[in-house]
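To start, the structure itself, in structure tokens.
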Amino acid sequence: MKRQMLMGIDVGTQSTRVALLDLKGQVVASTSTPQKMMTPRPGWAEQDPDMWWHNTLDNIHKTMEQAEATPDEVLAVGVCGQMHATVPLGKDGELLSHGVQLWCDKRSADLVDEFKAGPHVEAAMQFAGSPPVPNWLGFNIKWLKVHEPDLYEKTWKFVLSKDYINYRLTGKIATDWSEASGSFLMDAKTKTWSPELAGYLELDIDKLPDVRASSDVVAKITAEAADLTGLVGGTPVAVGAGDMLCMLISSGLTEPGRASDITGTASIMAIYVEEPVLDPRLMNLHHALPGWIPFGISDSGGGALKWFKDELCQAETAEAKRSGKDVYDILNPKAAASEPGSEGLLFFPYLMGERSLGTPFARGVFFGLTPRTGTGAMVRAIMEGVTFELRRTLEIVEDAGNTVSEVYTIGGGARSDLWSQIKADIYKKPVYTFEASEGGILGSAILAGVGVGIYADARAGTEQCLRVDKAFQPNPSRAARYDYLYELFKEVHDRMQEPFDKLAHMP
């Protein structure tokens, strides 16, 4: 019998993935290809968009083969991708750079500081609904105009990672409200490109793509792309959304009163609200469905734990290889054996700087090491430090008058029951995980399903596809200790800001 499936494509930082999902959100087949991030200078982060495309092609073929699928079983394609990646295309659609700025790139920090000191910052924040930060697409483009003016002039359109894949599939260019709202160039009220913001940044608004709803069909797969992918020419492709917003769809963030903790390479606290929360310490993105998402992010949240595992856990890695275990299955019990609070060891997860709650020149710090400190305490301190960082966002949004009653967590960190319990204890709210944590790829497939009429809207698709797995209730006996350490975390954080800036300008 002929099956009905949706294809999701996720252009991530550490990997690009393709999956086939049935209409209930179950993965039929999936293939992932690891990717490296280039850091040619401190604070820089780059990748080659052609790598994303070739990995996508390879993964499509392998996934179709794994599923023993025929091309006509794929009803639609949805793509999500790492946000803010600044891909310049020439007038004939050719790729003009093989080392584009990524979401965690901080090279435009000095330009942002100049803008903050200028006369337009308050008005600009009202238009954009967010403070200026180095990650926004607009400041990435501004950096190119200042430092690579020839490239800027040659660029016909600046597109994002998932938009580039869509272009290679369909020959059409568009972006969505989620990515446009992460540019510092979109008017938050009209949801269109803002001539005022483009003027403040001295950028050409014509170099930006059209903005459409995330579930719209951008176009259909071309004959050329059909030959390359093996898919049917004419298969609809949705505009899609940034990976974070697709992750939020697949983490149940479809109702007010809910928050989502995404712990992947970056760690994110996002809350569903009706309108942007205008606070200079927060960023806001338009959701992939109606509504807004105020959020805070640690660009190296989960990435900090991976760094620690890769660089300082060789013994555990060797043990995992010998035993056939996942190395995190060895590290988690060691962390669980350390008491809550890690005997006063605090970790500040700023390996890639901060966005809006601190300086972009921040660095990672262990605070409180003693001769007793072992691997387990350090792993637990990393988990607690990332969670303290995310609690700051939750606190700001609630102080602005929004009620949050429950937190849903997805991403690699959600596979750790210990980390999920730590989150419940620090947030002092119930934390839920899902049976299948498919992340952004499920969200992108749901958007594709909405685009071709399979689901009435993203909420309906989410209700059909998501199943809660575990619930973690806050332990009241740990509240006093974690509250004390949280206040200390904020105090030490604030004291480190000036030294971080000084370190960045070391002669």
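Relative to the compact-globule scaling 2.2 N^0.38 Å, provide the ratio for the alpha-carbon radius of gyration of the chain.
0.93
May I ask for the Kirkwood hydrodynamic radius of region 360-399, worked out over all distinct Cα pairs and given in angstroms to one decimal?
Evaluated on region 360-399, it is 11.9 Å.
Let me test this: with uniform point scatterers at the alpha carbons of region 121-226, what is the Debye-based log₁₀ I(q)/I(0) at q = 0.10 1/Å?
The computed values of log10 I(q)/I(0) come out as -0.29.
Write down Rg/Rh for region 302-343, rounded to two decimals, with Rg from the C-alpha atoms and Rh from the Kirkwood relation over Cα pairs.
Working: Rg = 10.9 Å, Rh = 10.9 Å.
Here the Rg-to-Rh quotient is 1.00.
Convex hull volume of the Cα atoms in region 266-347, per residue, in Å³? Numbers along the way, then the final one.
On the way: hull volume 11.9 nm³, N = 82.
Per-residue hull volume (Cα only) is 145 Å³.
Restricting attention to the chain, give the cysteines that have no other cysteine Cβ less than 4.7 angstrom from their Cβ.
Flagged as lacking a Cys partner: Cys104, Cys313, Cys465.
Sort 386-397, 258-269 by packing, meaning the average of other beta carbons within 10 Å per residue, with the highest value first.
258-269, 386-397
Ordered by packing density, taken as the mean number of other Cβ atoms within 10 Å over each peptide's residues, highest first, how do 457-465, 351-359, 96-104 rank?
Peptide ranking by packing, descending: 351-359, 96-104, 457-465.
Shape call for region 387-494 from the C-alpha gyration tensor, a ≥ b ≥ c root eigenvalues: rounded (a/c under 1.5), prolate (a/b greater than b/c) or oblate?
Cα axes put region 387-494 in the prolate bin.
Give me the log10 of I(q) over I(0) for region 201-310 at q = 0.10, 0.15, 0.21, 0.23 Å⁻¹, as the Debye formula computes it from C-alpha points; what are the numbers?
-0.44, -0.86, -1.08, -1.15
Just how far, in whole angstrom, is region 148-168 from region 63-104 if you go by their alpha carbon centroids?
What the calculation gives is 13 Å, centre to centre.
Could you tell me how far the Cα centroid of region 178-217 sits from the Cα centroid of region 458-506, in Å?
30
Could you name the aspartates and glutamates in cross-link range of Lys470, using Cα to Cα under 14 Å and dropping any fewer than eight places away on the same chain?
Glu406, Asp417, Glu435
Excluding residues fewer than 8 places away in the same chain, name every one of the lysines whose C-alpha is closer than 17 Å to that of Lys154.
Within reach: Lys91, Lys142, Lys145, Lys207.
Could you tell me what percent of the DSSP beta bridges with both partners in the chain are antiparallel, to the nearest 5? Write down the numbers at each step before the final one.
Working: 44 of 63 bridges.
Just about 70 percent of them are antiparallel.
For the peptides 159-171, 418-430, 471-483, 236-248, what is the packing order when you average, over each peptide's residues, the other Cβ atoms within 10 Å and list the highest mean first?
Result, highest mean Cβ count within 10 Å first: 236-248, 159-171, 418-430, 471-483.
Alpha carbon centre of region 408-450 versus region 377-398: separation in Å?
Result: 16 Å between the Cα centres.
Using the structure shown, select from Lys220/Lys306; Lys116/Lys191; Lys106/Lys429 the pairs with a Cα to Cα distance greater than 30 angstrom.
Pairs exceeding the cut-off: Lys220/Lys306; Lys106/Lys429.
Near Lys157, which aspartates and glutamates are there with a Cα under 15 Å away, not counting those fewer than 8 places off in the same chain?
Those aspartates and glutamates meeting the cut-off are Asp92, Glu94, Asp176, Glu179, Asp204, Asp206, Asp210.
Values quoted throughout were computed directly from the atomic coordinates according to the rules given, and no laboratory measurement underlies them. On a predicted model such as this, the values are computed, not experimentally measured, just so you know. Here the Cβ is made from the backbone with ideal geometry for all residues, glycine too, and neighbour counts use every protein chain on show.
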